[in-house]
Every structure is written in C-alpha cells, then in structure tokens.
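Remarks on the structure that follows.
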Amino acid sequence: MQPVAITQHTLTTALGAGRAETLAALRAGRTGLASKQFLDAGLQGWIGEVDGVDAVVLPARLQEFDCRNNRLAWLALEQDGFMAAVANARARWGAERVGVFLGTSTSGLLQTELAYRHRQPDGSLPEGFRYAPTQNTYSVASFAATALELAGPSFVVSTACSSSAKVFGNAARMMAAGLIDAAVVGGVDSLCLTTLYGFNSLELLSSDICRPWDAGRRGLSIGEGASFALLERESDAPQGWLLGIGESNDGHHMSTPHPEGAGAIAAMQAALVGAGLRPGDIDYINLHGTATPSNDAAEDRAVAAVFGTSTPCSSTKGATGHTLGAAGGVEAMIGLLALQNGLMPGGLNVQTPDPELRLNYLRVNHEAPLRAILSNSFGFGGTNASLVLGAA
Amino acid sequence: MTLAPMFIQGIGLLGPGLPSWPDSQATLRGATPHQFVLTVLPAPPRLPPAERRRAGAVIRLAMAVAEEAIAHAGVDPQTLATVFSSSGGEGSNCHSLCETLASPNPLISPTRFTNSVHNAASGYWHIAVGSRHTSTSLCAYDGSFGAGLIEAATLMHMNAEPLLLVAYDLPYPEPLNSVRPLPDNLGVAMVLTPAPTAQSIAELRVEPLPARLAAPVDTCGDASLDALRTGMPAGAALPLLQGLARGLDGAPREMVIEYLPHLKLRARLAALGV
C-alpha cells in the first residue's frame with residue numbers, strides 16, 4: 001500500500017494525558033494500574049483508570065454527548081495540539097473530505113448500566129437518559145465528528161479488542177480510493193461494569209496485576225484509554241507513517257485464540273506484504289500480550305512463525321492495562337512514541353519469565369534507533385489486526 | 001463515480017412481512033401491500049452444536065440472511081470477506097446484562113458477555129463457515145446500512161475480491177425500547193463480486209454525496225414498507241431491493257440512500273452489460 005502520513009497523534013491512558021506524560025511513564029517503567037475498585041464493583045483486581053475523567057466538563061455545544069466515554073475522548077482530544085491539527089486539515093482539505101473512523105467495544109454503555117439502577121417506578125429509564133449520543137456504539141464517532149466539525153464519512157468499527165487497529169485500514173482504503181483526503185482514526189473505551197464482570201465471568205480477569213509473558217500469568221487487568229491520529233494524503237512534516245495493515249479472522253472460537261495463532265500469522269504477514277517489508281525489517285513488536293495464558297502462548301507461536309525469536313518485543317498492557325476496543329490505537333501511538341524516541345518499552349510485571357515462551361521479550365527498556373515497528377491487536381470473535389508503522 | 005462497480009450475485013432478506021428474498025418480491029414491487037407480520041428467526045443449522053446452543057437472536061438473524069444470500073449466489077462462503085453492520089446488536093442481551101448488573105449480586109453469564117460484543121455475528125459466522133478471511137463489524141446508528149455499503153464498496157474497489165455484506169438490527173425490550181424504538185428484527189445480506197459472473201443479478205455503484213448536494217432520500221412508496229425504511233437502520237436498503245425487484249430492463253436506476261445526516265449515498269443499479 002501507499003504509505004499514509006500520520007501528521008498528529010495523541011493518547012490518554014492510566015499512564016497520563018498526552019504524549020509527554022505517557023513517554024515519561026514508559027521511560028520510568030511506571031505502571032498506571034492500581035489495585036482498586038471501579039465504582040462499587042466488588043471485584044478484586046487492578047484497573048487502569050484515567051485520572052480526572054469524572055471532572056471533565058464538555059463544552060455546552062457537546063453536552064448531549066455527556067458520558068464517561070465521551071469525557072475520556074474529550075480529555076484526549078485536548079492534548080498535544082490535536083484539535084488544532086485537525087482544524088488545519090479541515091481548512092486544507094474541506095470538512096467533507098475528512099473522515100472519522102474510531103474503534104470502541106462498549107462506547108457509553110456505563111451510562112445505561114447506571115441508568116438501570118435508577119429506573120422509575122414504572123420501570124422506565126431516568127429522565128434525561130439519552131441513548132444515541134451515549135450508549136449507541138456509534139456515539140464516540142458522532143461525538144468526535146461533531147467536536148472536530150468534520151463532515152466526511154464516519155463510522156465506528158467494533159470488533160472487540162482489534163477495533164481501533166482496524167480503523168487505520170478503513171481510513172487508508174478510503175484515502176486510496178479517493179473518497180477522502182484525510183481522516184481522524186483511533187479509539188476510545190472506558191471502564192464499565194459489563195467488561196469488568198464479563199471478563200470475570202470468563203475467568204480471564206486477574207486478581208493480581210496483569211503479568212504478560214510471566215509463567216504465573218492469570219489473566220488481564222482492564223484499563224481505559226483514548227487515542228487519536230490524523231492521517232493525511234500529503235504532509236511536509238509527518239510524525240510517522242502507516243506502512244501496512246493486515247486483518248484476518250480465526251474462524252475458531254468466540255473467546256479463545258486459535259492455539260497456533262493461525263489467524264494472527266495471516267494478519268502479520270498481510271501487514272508486512274502491505275508495507276513491502278520483510279520480517280527482518282521490523283525493529284520492535286508491540287504484542288497484544290493480554291496476560292491470559294492462552295493469548296500469550298498462541299501469540300508467542302504466531303510471532304515466532306513469522307519473525308523467528310530474535311526480534312525485540314513486549315506488551316505494554318502491564319503499564320496501561322488492557323484498554324479493550326481502545327487498545328489497538330493506544331498501542332499504535334505507543335509504537336509511534338517508540339519510533340520517535342528510539343525507545344523499546346520493557347514489558348512490566350514479569351516475575352518469572354515463562355520458559356515455554358520463546359520470543360525475545362524485553363523486560364526493561366532498550367534504546368536504539370527504530371525504523372519500523374509492528375503492533376498486534378486480537379479480539380473476541382477471532383478478529384486479528386496487525387499494523388506496521390514507520391519512522392518519519 | 002469514483003469507486004469501481006460491484007456485481008450483486010445473491011440476496012438475503014428477513015424482516016416483518018418480508019419472509020425471504022423470493023417471497024418478498026411482490027411486496028417490494030408494489031404488487032401486494034406490505035403487511036407487518038413479526039419475524040420468526042430460524043436456528044442456524046451450520047453452527048456446531050455447542051455454538052448453536054449459545055447463539056442468540058442476533059446470530060440467528062444475521063446468519064439467516066447470510067445463508068440465504070450465499071445459497072442464492074451459489075458461492076462457497078469460505079471464499080468471502082465479510083462486512084457486518086448493525087446499530088446495536090442484540091437488544092435483549094444488552095437489556096439482560098444491564099438488569100443483572102443493576103442487581104445486588106451481579107454475576108453475569110459468560111455466554112451473554114461473549115455474545116454482547118458487536119462482532120458476535122461475524123465471529124459465529126466465520127466459525128460456522130471456517131473462514132479466516134478479513135471481517136469487520138460497523139456501526140453508524142441509523143446510518144449503519146450506509147456505513148456497511150460504503151465500506152463494502154471501498155473494499156471491493158481496493159481488493160477486487162468477493163464479499164458478503166450483512167446489515168441487521170434487532171429491537172430492545174423495555175425500558176430501552178422507549179428510548180430506541182425498533183419495531184422488529186430486520187436483516188439484509190448481499191453477496192457482491194468485483195466482476196460479472198453467470199449468476200450476477202445487477203451492477204451496483206455507490207458513492208458518498210454531501211446531503212446539501214443530494215436529492216431527497218428515496219422512499220418506498222408503500223407506507224408500511226416505508227415505515228420499516230425509516231424505523232429500522234437496515235431498512236435503508238429497501239429502496240435498493242425495490243429497484244432490483246422491479247427489474248432493470250430500462251435505463252439504470254439512480255437513487256439516494258440514507259447514511260448520515262450530512263452525508264448520503266448515491267447508488268446506481270444497472271442491468272448487466274448496460
């Protein structure tokens with residue numbers, strides 16, 4: 001594929017708001033996870049809650065969108081000059097030629113979960129409950145398009161934990177096909193009860209902090225996060241490049257990856273083909289690395305099948321938690337920070353490396369100039385997406 | 001038009017008073033008035049028994065129209081990339097989860113949680129047909145069919161590979177029904193190919209068009225059918241299906257299809273070779 005310029009990008013997770021705070025936390029090897037409850041959920045575990053989401057006040061013109069997910073989206077949009085960059089793109093290309101493609105898994109569902117606690121005597125939802133701008137899966141893209149005053153094509157991709165990786169593909173294809181000249185991509189997922197209790201019901205939630213690639217890993221820690229990237233047809237000053245994207249399906253099981261990572265292998269290979277690169281051209285791999293026993297085992301086999309076992313790699317979910325539908329975008333932005341700063345972040349929380357896993361898994365930060373990285377995102381329903389990103 | 005043409009090779013349809021593609025032709029042509037009769041969702045025969053037991057209404061609806069479309073097209077479903085699009089997935093499952101989560105001891109069912117992901121229908125379909133092809137699951141609220149159609153057209157333009165488009169919407173029970181009223185289940189599926197085949201039905205071209213430049217969105221004529229078009233996101237496909245049901249002997253049929261408030265889709269249906 002034709003490389004696509006990434007002209008601005010930002011992310012907000014439990015590590016901090018914006019790129020500088022994220023980079024500082026990565027350099028320090030600090031986790032954003034904390035052992036605490038979300039609301040009154042009586043679940044023992046660690047969560048990656050973003051500071052200050054509750055205190056976010058949306059501008060009056062965006063009030064109808066008010067919910068935790070869109071507050072988190074707004075907090076992220078305010079960082080790193082992102083809205084100013086979009087305003088420039090809107091002026092350059094025209095609002096109708098800039099698309100908005102975002103990933104989320106649960107959108108503003110928390111709003112509905114809480115509304116069900118406060119049903120009126122006749123069973124109806126509390127007054128003022130608004131479905132379309134909060135609960136509906138599309139609400140975050142509708143919010144972003146409204147906030148950024150964009151009028152191009154838009155939709156949400158909701159393929160569980162690959163959602164916000166896949167949107168890079170939607171945008172790149174629409175740009176290549178000539179329908180748009182620029183796009184805002186990324187994703188937002190915020191903490192809610194469905195995912196906390198849901199992963200708990202599947203026994204995939206760790207009571208300990210998540211430990212990707214550890215022999216004693218017991219599952220994931222859920223985080224929340226938001227990321228946005230501006231892709232443009234041309235740029236004099238790109239901050240990085242989208243070089244390739246590969247997408248596939250396992251066709252195997254709804255909530256367990258294919259044991260040999262067959263679909264993941266296909267996604268990584270397709271991403272390399274799209275980028276016109278060989279496995280040896282990839283300097284660092286940001287793994288999906290959820291810290292469930294089955295994901296890390298299958299991903300280890302899949303990455304080894306494509307790259308061998310020497311390419312440096314790590315999962316950053318020990319730092320951010322698993323941000324679910326936001327993870328693909330969050331980790332793409334971490335990949336861009338890695339490229340810009342020559343920093344391969346070490347995977348946190350490993351006590352005893354799993355001897356069954358063979359990849360060159362980094363446990364501490366390594367610094368080296370990086371030219372190209374690959375980021376993996378896999379999800380329920382057997383969905384797989386791999387991105388190849390290049391240095392500016 | 002910017003995007004390459006697509007060729008419709010198979011159609012699936014299931015909704016109130018629209019029991020299948022062949023059995024809906026007279027209604028879509030306007031020969032018989034539309035009657036609102038609640039849909040009956042069949043069990044998905046292709047799923048392995050374990051998955052069939054877990055398959056809720058969203059799986060049954062999406063798979064019913066997908067099955068009809070591939071049977072009509074006479075294609076091997078393993079060869080197809082897929083685009084699934086829905087406004088809200090399975091409303092009754094969402095309601096049940098929210099009810100449980102509002103209770104003092106919220107222990108939710110792992111199957112309900114797994115089925116709550118927006119890509120549940122895609123996941124079950126790819127398991128059922130054993131396909132590792134790329135698949136996406138989209139949402140654009142009332143524009144969800146339009147989102148699926150423009151994504152399908154873009155994928156076709158870029159990859160020139162056959163694909164299956166499935167748009168489906170299901171109602172919420174109360175109390176969500178009051179804030180998002182959807183009258184019943186409605187699913188539409190199409191098998192689309194990049195080049196005409198012996199089984200092709202028609203050529204379809206699509207492009208986005210700013211609402212300020214577009215003619216009004218095409219309506220269905222029949223008031224009951226038009227209420228489905230406006231009342232169900234997947235109903236946005238009905239003018240397209242009406243165009244096919246009425247036949248394409250003359251000039252190509254141009255129409256405007258609902259997508260977003262500020263952006264519509266211009267669609268052009270043509271007979272093969274025209």
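Bear in mind that the values in this text are calculations on the coordinates, not laboratory data. All values reported here derive from a predicted model rather than from experimental measurement. Cβ coordinates were reconstructed from backbone atoms using ideal geometry, including for glycine residues, and neighbour counts include every protein chain displayed.
Distance between the C-alpha centres of the stretch A:363-377 and the stretch B:12-45: 54 Å, rounded to the whole angstrom.
For the pair B:Ser20 and B:Arg53, what calculated FRET efficiency results from E = 1/(1 + (r/R0)^6), where r is the Cβ-Cβ distance and R0 = 25 Å, to the nearest 0.05? Write out the running numbers ahead of the final one.
Numbers: r = 25 Å, r/R0 = 1.01.
It comes to 0.50.
Over the stretch B:6-201, Cα pairs under 8 Å with separation of 6+ residues give a relative contact order of 35 percent. Rounded if a/c is under 1.5, else prolate if a/b beats b/c, else oblate: with a ≥ b ≥ c from the C-alpha gyration tensor eigenvalues square-rooted, which is the stretch B:120-248? Note, shape of the stretch B:120-248 comes out oblate. Working note: 222 nm ellipticity from helices only, DSSP H runs with n ≥ 4, each -39,500 (n - 2.57), summed and divided by the residues of chain A, gives -9000 deg cm²/dmol to the nearest 500.
Using only side-chain charges placed at the Cβ, +1 for Lys and Arg and -1 for Asp and Glu, the dipole size of the protein assembly as shown relative to its Cα centre rounds to 320 debye.
Find the relative contact order for chain A and round it to a whole percent, using C-alpha pairs within less than 8 Å whose residues are 6+ positions apart.
Normalised by residue count, the contact order of chain A is 23 percent.
Of all DSSP-defined beta bridges confined to the protein assembly as shown, some 70% are antiparallel rather than parallel. Each of B:His157, B:His126, B:His34 has some number of other Cβ atoms within 10 Å of its Cβ, and from fewest to most they run B:His157, B:His34, B:His126. The magnitude of the dipole of the stretch B:6-201, with charges of +1 and -1 set on the Cβ of Lys/Arg and Asp/Glu and taken from the Cα centre, is near 320 debye. Here's the picture: charge each Lys and Arg Cβ at +1 and each Asp and Glu Cβ at -1 in the protein assembly as shown, and of B:Pro49, A:Asn295, A:Leu357 the one pushed furthest to the positive end of that dipole is A:Leu357. Need the C-alpha centroid separation for the stretch B:132-156 versus the stretch B:105-121, integer Å. A separation of 23 Å, based on Cα centres. Close amide-amide hydrogen proximity is noted between B:Ala202 and B:Ile8, each under 5 Å apart and 5 or more residues distant or on a separate chain (H modeled in the peptide plane; Pro and chain starts excluded). Projecting the Cα atoms of B:Tyr172, B:Leu186, A:Asn341 onto the charge dipole of the protein assembly as shown, computed from C-beta unit charges around the Cα centre, puts A:Asn341 farthest toward the positive end. Amide hydrogen proximity for B:Lys264: with H placed 1.01 Å from N in the peptide plane, the residues at 5 or more positions away or on another chain lying under 5 Å are B:Leu209, B:Ala211. Among B:Leu138, B:Leu38, B:Leu213, the residue with the largest mean-square fluctuation in a Gaussian network model of chain B, with springs joining Cα atoms closer than 10 Å, is B:Leu213. Based on Cα contacts under 8 Å between residues 6+ apart, the stretch A:272-373 shows a relative contact order of 35 percent. Among A:Leu23, A:Ala73, A:Thr323, flag the residue with its Cα farthest along the positive direction of the charge dipole of chain A, charges on Cβ as +1 for Lys/Arg and -1 for Asp/Glu. It is A:Leu23. Looking at the square roots a ≥ b ≥ c of the eigenvalues of the Cα gyration tensor of chain A, which shape do they give, rounded for a/c under 1.5, prolate if a/b is larger than b/c, or oblate? Oblate, since a/c reaches 1.5 and b/c is not below a/b. Sparse packing (at most 10 other Cβ atoms within 10 Å of the Cβ) combined with a DSSP loop state is found for the following trypsin sites (Lys or Arg not before Pro) in the stretch A:19-71: A:Lys36. A straight line joining the Cα centroids of the stretch B:50-80 and the stretch A:252-316 runs 29 Å. Per-residue Karplus couplings for the stretch B:99-111, computed as 6.51 cos²θ - 1.76 cosθ + 1.60 with θ equal to phi - 60°, are listed in order as 4, 4, 5, 8, 8, x, 10, x, 9, 9, 6, x, 5 Hz, Gly and Pro entered as x.
Helix-only arithmetic for chain B: the sum of -39500 (n - 2.57) across DSSP H runs with n ≥ 4, divided by the residue total, places the mean residue ellipticity at 222 nm at -9500 deg cm²/dmol. Counting charges near A:His322 (Lys, Arg +1; Asp, Glu -1) among other residues having Cβ under 11 Å from its Cβ returns a value of -2.
Note on the stretch B:6-201: antiparallel DSSP beta bridges, both residues inside, total approximately 60 percent of the bridges counted.
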